[in-house]
Structures are given as structure tokens and as C-alpha cells.
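Colleague: Here it is, the structure, as C-alpha cells.
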Amino acid sequence: MIVITGATGGLGALVVESLLERVPADQVAAAVRSPEKASGLGVRVRAADYSDPASLERAFAGADVVLLISGNEFGKRAEQHTNAINAAVKAGVGRLVYTSAPFADSGRLALADEHKATEEVLLASGLTYTILRNAWYHENYAQAITGAAGSGVLTASAGDGRVASAARADYAEAAAVVLTTEGHDNKIYELSGDTAWSFAELAEEISRASGRAVAYRNLTTEEHIAQLTGFGLPEPVAGVFADVDANIAKGGVLDHTPGVLRELIGHPTRPIADYVSGLLKK
Ligand SMILES: NC(=O)c1ccc[n+]([C@@H]2O[C@H](COP(=O)([O-])OP(=O)(O)OC[C@H]3O[C@@H](n4cnc5c(N)ncnc54)[C@H](OP(=O)(O)O)[C@@H]3O)[C@@H](O)[C@H]2O)c1
């Protein structure tokens with residue numbers, strides 16, 4: 001039995017879809033906090049909240065492998081993921097697969113602090129594990145892309161730094177492969193897109209796809225934080241996003257293109273240009 005947490009989220013739903021192409025539906029269960037949202041997934045549904053250890057233990061019963069998709073409640077996630085790992089130990093789960101962040105153990109990205117803490121708990125748990133350090137999704141830039149197509153300006157504070165993003169669906173496919181094939185015990189995979197793009201290049205792609213001239217305007221970190229707080233983000237969250245761009249500018253975390261994702265899924269990752277044109281056609 002393969003149990004997927006976060007299956008009502010963007011990534012989790014795609015993992016279930018990809019799993020159903022590989023194994024019968026009765027071998028998959030979705031462990032979700034909102035069962036009413038999971039009825040269309042086509043697999044059995046179990047109620048599980050990362051903040052409720054007993055619910056997690058019940059949801060993981062009989063699982064050969066659990067995919068723990070990192071939560072989205074910032075500040076609570078280290079504790080929530082620890083609850084899930086402890087529940088997996090108690091339920092006797094054979095292997096736990098965790099979606100982490102690029103180079104989580106390096107301490108470079110502020111956003112990855114809770115992933116680093118989770119990885120440490122997982123490694124100390126004695127569970128057989130596979131860690132999927134997913135780099136950025138193309139989808140993270142959906143709003144920036146549509147906004148720039150409308151305004152003619154793409155803003156970020158990443159300088160000439162490059163981003164090896166990939167489509168969420170490619171990461172989901174990799175998770176499905178790792179959940180259904182052998183050879184991934186106690187491995188850590190740095191997953192990213194085949195090529196890394198700069199924001200100036202992204203602006204060119206948006207121009208090409210929209211037919212409107214789009215320029216990249218590089219902001220200072222302070223300007224970026226002010227812009228994000230102006231959009232209504234709390235200052236600490238704005239700081240974390242600006243820290244991502246500062247790291248892109250520096251290089252070495254989000255521009256990594258080792259080809260591991262491509263190798264796992266057995267085909268090239270979806271290029272950003274293809275994502276941009278698909279998004280702007282809608
Ligand atoms: N690599 C990247 O670029 C990137 C970008 C964004 C996020 N992420 C990380 O990757 C994860 C998956 O991405 P995504 O796009 O699928 O995010 P998402 O659509 O926000 O999905 C997050 C999932 O976590 C579930 N969840 C949150 N808190 C929970 C709790 N207390 N108990 C049980 N389930 C809980 C949500 O349940 P509900 O459906 O009930 O809300 C949802 O299914 C995110 O949560 C985040 O940690 C990575």
C-alpha cells in the first residue's frame with residue numbers, strides 16, 4: 001500500500017494521477033486533512049492532519065511506503081513533519097519518502113530551515129527513507145509571468161542569477177517513480193529542471209509568448225521586500241522570498257542542473273518557455 005499525504009494539494013494530486021498510471025487504485029491511499037476535497041482522486045481516502053499524531057498513525061497503518069509531502073503552514077512544519085515521521089515509525093511503515101528543498105542541509109535558504117530540521121529527524125528515526133529535494137516549480141512564477149505580460153515589466157531581486165525550475169508535474173512523476181520502483185532506499189535526490197534560466201531570459205520568453213515587450217527590472221533586496229509587503233505579505237514572509245532571490249543572485253542553490261530529475265522520469269523536463277506559452281495562451 002502506498003499512502004500519499006497532501007494529496008489534495010497541487011503536487012499531491014499530480015502524484016496520485018501519475019501513480020494510477022503505474023499501479024492499481026486499490027494499492028494507493030490518500031491521507032488528507034480535508035477528506036471532502038479528496039473524493040475525485042479515485043483512491044481510498046483516510047483522514048490525517050499533520051498536527052494530530054493519532055490521525056497520522058491510523059492513516060499510515062498497513063503502508064509499505066508513505067509519501068510525506070511537506071506542509072504549507074510555515075513555522076509549524078518541523079513539528080508537523082516530526083509527528084508524521086513518528087507516526088510512520090509507530091505504524092511500521094517500510095519506507096518514508098519526503099519532499100524537501102534544494103540543498104536543505106546547507107542552511108543557505110531561509111525557506112529550507114524546516115526541511116533541514118525534518119531531514120534530521122527522518123535520518124535519526126531509523127526509517128528507510130528517500131528524500132526528494134525538489135527545486136523550484138515553474139508554477140511559482142505564474143503570477144509574475146501573467147503580471148509581466150500585462151504590465152510589460154518583470155521584477156525580481158535575483159540579478160543575473162539563474163533558476164533551474166521544472167514543472168510540478170515533472171516532480172510528481174519523479175515521486176511516482178520513486179514510490180513504485182526499487183533502488184531508492186536511503187537516497188537523497190537533488191531534483192531540478194534540465195536548464196537554468198535568468199530573469200532577463202524569462203522576460204524575453206514572456207515577450208515572445210505575449211507579443212508585448214517585457215523588460216526585467218532588478219530590484220534591491222530592500223525594494224523587493226517593500227514591494228511584497230505592499231502586496232500585503234507580512235514582513236517576515238517577504239524577507240524569506242527576497243532571501244530566495246538573493247540566493248538565486250549568488251548562485252549555487254537553485255541553478256543546479258545535474259539531470260537527476262530527467263533521469264528518474266526518463267524524459268526531458270518541461271522547458272520554461274513551454275510553460276510560459278501554455279500559461280499565456282489560457
Ligand atoms: N519546490 C517548490 O517550488 C515549492 C513551491 C511551493 C511549495 N512547496 C512545498 O511543497 C509542498 C507541496 O507543494 P504543493 O504545490 O502541492 O502545495 P499545496 O498545493 O499548498 O499543498 C500543500 C498540501 O499540504 C496539505 N497540508 C497542509 N497542512 C496540513 C496539515 N496540517 N495536515 C495535513 N495536510 C496538510 C494541504 O492540505 P489541504 O489541501 O487540506 O489544504 C495540501 O494538500 C508545499 O506544501 C510546500 O511545502 C515547494
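Colleague: Can you tell me which of (1) under 22 Å from Asn247 (Cβ atoms); (2) aliphatic (A, V, I, L, M); (3) more than 15 Å from the ligand (Cβ to nearest atom); (4) crowded, with 21+ Cβ neighbours inside 10 Å is the one Ile206 doesn't meet?
Modeller: (1)
Colleague: Go through Val237, Val178 for me and flag whichever is at pLDDT below 95 and either assigned to a helix (DSSP H, G or I) or not assigned by TED's automatic domain parsing to the domain that holds Gly75 (or both).
Modeller: Val237
Colleague: Restricting attention to segment 241-269, which residues are closer than 17 Å to Asp160 by Cβ and aliphatic (A, V, I, L, M)?
Modeller: Ala242, Val244, Ala246, Ile248, Ala249, Val253, Leu254
Colleague: Checking Leu96 against (1) more than 17 Å from the chain's Cα centre (by Cα); (2) more than 13 Å from the ligand (Cβ to nearest atom): exactly one of these is not met. Which one?
Modeller: Here Leu96 clears every test but (1).
Colleague: Follow-up. For Ser34, all conditions in the list (1) surrounded by fewer than 20 Cβ atoms within 10 Å (Cβ to Cβ); (2) more than 14 Å from the ligand (Cβ to nearest atom); (3) touching a residue at least 24 places away in the same chain (Cβ under 8 Å) hold save one; what is the number of the exception?
Modeller: Ser34 satisfies every listed condition except (2).
Colleague: Return the residue satisfying two criteria in turn: it lies in segment 92-113 and is in a helix (DSSP H, G or I) and in contact with an Asp or Glu (Cβ under 6 Å, 6 or more places away or on another chain), and of such residues it is farthest from Ala172 (Cα to Cα).
Modeller: In this case the residue turns out to be Ala110.
Colleague: Please specify each residue of segment 26-61 satisfying the condition of being of a type in the set (S, T, N, Q) and under 21 Å from Asn86 (Cβ atoms).
Modeller: Ser51, Ser55, listed by residue number.
Colleague: May I ask you to list pairs of residues, at least six apart or on different chains, whose Cβ atoms are under 9 Å apart, with the first in segment 136-155 being within 14 Å of Tyr216 (Cα to Cα) and the second being outside any helix (DSSP H, G or I) and aromatic (Phe, Trp, Tyr)?
Modeller: Ala148/Tyr216; Val153/Tyr216; Leu154/Tyr216; Thr155/Tyr216
Residues are listed down the side, and each one gets a yes or a no for (1) within 16 Å of the ligand (Cβ to nearest atom); (2) assigned to a helix (DSSP H, G or I); (3) surrounded by fewer than 19 Cβ atoms within 10 Å (Cβ to Cβ); (4) outside the structural domain of Tyr275 (by TED's automatic domain parsing):
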position: Ile85; (1), (2), (3), (4): yes, yes, no, yes
position: Val89; (1), (2), (3), (4): no, yes, yes, yes
position: His115; (1), (2), (3), (4): yes, yes, no, yes
position: Glu120; (1), (2), (3), (4): no, yes, yes, yes
position: Tyr129; (1), (2), (3), (4): no, no, no, yes
position: Ile145; (1), (2), (3), (4): yes, yes, no, no
position: Ala172; (1), (2), (3), (4): yes, yes, no, yes
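Colleague: Can you tell me which condition Ala156 does not meet? The list is (1) away from the ligand (no atom under 16 Å from the Cβ); (2) over 20 Å from Gly259 (Cβ atoms), and all the others hold.
Modeller: Going through (1) away from the ligand (no atom under 16 Å from the Cβ); (2) over 20 Å from Gly259 (Cβ atoms) one by one, Ala156 breaks only (1).
Colleague: Within segment 12-31, how many residues are within 9 Å of the ligand (Cβ to nearest atom) and either surrounded by fewer than 22 Cβ atoms within 10 Å (Cβ to Cβ) or acidic (Asp, Glu) (or both)?
Modeller: 2
Colleague: Please specify each residue of segment 91-113 satisfying the condition of being surrounded by fewer than 16 Cβ atoms within 10 Å (Cβ to Cβ) and more than 27 Å from Ser165 (Cα to Cα).
Modeller: Gly92, Gly94
The values are calculated or read from the model by the stated rules, or taken from the named source; none is laboratory data. Everything numeric in this text was worked out from a predicted model, so none of it was measured. Methodologically, a virtual Cβ is constructed for each residue, glycine included, from the backbone with ideal geometry; neighbour enumeration extends over all protein chains shown.
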